[in-house]
Amino acid sequence: MADTPGCYSTCATCLLCPYSCQWITAKKEKRKDLRTTKYDCSWFLFLFCVFLFTLVWLYFTIVILNDFHNFNEFIFRQRKLWLDWSVVLLIVTAVLISYSSVLLVLALCLQICGQPLKLHWVHKILLILTAIVVVAAFTGLGIKWAEEWKSARISLQATGPFLHIGAVGGMTLLAWPLVSFIYRTHNTGLRVILLLVYCAAMIALYLAPLGITSPCIMEENQLPPKPALVGHRGAPMLAPENTLMSLHKAVDCDVQVFETDVMVSADGVPFLMHDEELTRTTNVHAVFPERAALNSTAFNWTDLQQLDAGSWFLERRPFPTVQSLSPGDRKEAAKQRIPSLEQALEAAKQSNISIMFDLRPENHSDYQNFVNVTLGVILQSGIPLQQVLWLPDGFREDVKQQAPGVQHVYGRKRLENEKEPVLHVNLPYQDMSSEEIKQYHQDNISVNLYVVNQPWLFSVLWCSGVSSVTTNACQVLKEMKHPIWLLPSSTYFMIWIVVDCVSFLIVIWAFILMKKCSYRRRPTESETDVLLTKINSLIQE
């Protein structure tokens, strides 16, 4: 293994102490038997793997923030506890990645300084716990939220070129401690293995752009039009969801479609509500405590009008944007009530926007009556039927007969043998590839993908040519005049070549420089050993 040189600076001592947690090892009389053993090297390898593993989890954390509001709603339905769990996730992830990063930097600096890598047992336990936490997080993600793996794959289209540059930079910096170790160790077999592994990793990274694809690698004149915005339950970051205030805020964000959810009360009045229970978005516990757990359709319209549908928004703060609301908006939000479909249609007609909705619950025994009642309200409202986008699949043929002007949106991909042409589809953004989006666009099929909140995701879908996106963050996406990045293929090719060439030169420089340093050190160390031997002999005599 690597020899420990005789020269210890104050800086090296400061690095050794937090890594080994033994301040006494900085004293000269305690260093004599300190050497980096195979056991120590195995722990360093484990530390490096934990760091990489945690770094990957950090990337996943950033990706899933786009969909984390769905997770918050899921936890509330299960536990009746509202909390922005994304904050908890970010804090825990930041602590884990910071801890493993600091330890790894300490280890690499110690290696360059020639210090022993004696990892303290406390760090070993904490590293094992870190690995367990990250493994548990990935396992839970795979079991309960498997679609996020597709989200990660899509994210690589937005981050692939930059991840390549970062990975090349990181591996280039790693060359310095690696070369330092190679020149210090006397194990030829270990030298060869490390060199082969490092060279293979660098070659793979240098050629990685051959496998990187992104719809945003295109010429400026090839960029498709900006996707239209569909307000998911209105503008839920600026107002209580599925309320008239939310609809008006969405209009201010230039959305073209107000997406909502419709239920029918016990006395036959269609109203806007997403959840089957009223507990999350109203004060039903305070007004009707004994009936709070009932389905929303079990309440009549008179009862529903007594509920406060806005105060929860100010109290629970489902999005960080609630804190920045003006006093006037806060006052208006607190006054919100559950709107009827008739009120929503009238507001949409006056604002000249379309309305798209699901009719819930689909498994209700009286669902056909729900469809008929809802259609009746639409036809009586006077809204142009082309502004109504019908999502429910149940009894769709009856809807086509009773209201032939309504636009039908399908929550599935087109089939090979469609009886009637599919003109509009509404799908999760994970379910369509860039190639499929482009093909649908060529076939004049409008594609709406949901729910898109992050600018990086909106940029990828914009470059892919999607027609519209459903979003919670209409106020953010409205301000985007251009995708986050757009690179012509020739420019990307040039960046790739320059990054690889600079990295290669730095790695070669590291090998040459560290070789010269090792040659200068050996005679000095040899003369010092001889002098110490003579002094020891004189003392013994």
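The values are calculated or read from the model by the stated rules, or taken from the named source; none is laboratory data. Fair warning: this is a prediction, and the values are worked out from it, not measured in the lab. Using ideal geometry, Cβ is built from the backbone for each residue, glycine included, and neighbour counts are taken over all protein chains shown. Accessible surface is based on the protein model in full, side chains and every heavy atom, while ligands, DNA and RNA are left aside. Shrake-Rupley method; radii C 1.70, N 1.55, O 1.52, S 1.80 Å.
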*Please name all residue pairs, on different chains or six or more residues apart, with Cβ atoms under 8 Å, provided the first residue is in the range 409-430 and is in contact (Cβ under 8 Å) with a residue 60 or more places away in the chain and the second residue is of a type in the set (S, T, N, Q) and surrounded by 10 or more Cβ atoms within 10 Å (Cβ to Cβ).*
Asn426/Asn448; Asn426/Thr470; Tyr429/Ser151; Gln430/Ser151
*All but one of (1) crowded, with 22+ Cβ neighbours inside 10 Å; (2) closer than 27 Å to Asn448 by Cβ; (3) touching a Phe, Trp or Tyr at 6+ places or on another chain (Cβ under 8 Å) hold for Arg280, so report the exception by its number.*
(1)
*Might you check whether a residue that is modelled with pLDDT under 95 and on the phi > 0 side of the Ramachandran plot occurs anywhere in the range 132-148?*
no
*Only one of these conditions is not met by Ala333: (1) in contact with a helix residue (DSSP H, G or I) (Cβ under 6 Å, 6 or more places away or on another chain); (2) open to solvent by 40 Å² or more (accessible area, probe 1.4 Å). Which number is it?*
(2)
*Is it true that some residue in the range 63-86 is surrounded by fewer than 17 Cβ atoms within 10 Å (Cβ to Cβ) and either touching a strand residue (DSSP E or B) at 6+ places or on another chain (Cβ under 7 Å) or under 30 Å from Asp500 (Cα atoms) (or both)?*
no
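Does the range 464-500 hold any residues that are outside any helix (DSSP H, G or I), within 19 Å of the chain's Cα centre (by Cα) and in the same structural domain as Leu423 (by the TED database), and which are they? Please lay out each step first, then the result.
Taking the range 464-500 first, the residues outside any helix (DSSP H, G or I) are 465-473, 478-488.
Narrowing the set further to residues that are within 19 Å of the chain's Cα centre (by Cα) leaves 469-473, 483-485.
Scanning the range 464-500 gives Val469, Thr470, Thr471, Asn472, Ala473.
Working carefully through the options Asp267, Asp254, find the one that is more than 19 Å from Asn72 (Cβ to Cβ), touching a strand residue (DSSP E or B) at 6+ places or on another chain (Cβ under 8 Å) and among the acidic types (Asp, Glu). Break it down into steps so the answer makes sense when it comes.
On the way: Asp267 fails: touching a strand residue (DSSP E or B) at 6+ places or on another chain (Cβ under 8 Å).
Unique residue meeting the criteria: Asp254.
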*Of residues in the range 255-270 being closer than 17 Å to Ala239 by Cβ and out of contact with any Cys (no Cβ under 6 Å at 6 or more places or on another chain), the one surrounded by the most Cβ atoms within 10 Å (Cβ to Cβ)*: Phe258
*State whether one or more residues within the range 45-67 are modelled with pLDDT under 90 and touching a helix residue (DSSP H, G or I) at 6+ places or on another chain (Cβ under 9 Å).*
no
*Does Glu315 count as charged (D, E, K, R), in contact (Cβ under 8 Å) with a residue 40 or more places away in the chain and assigned to a helix (DSSP H, G or I)?*
no
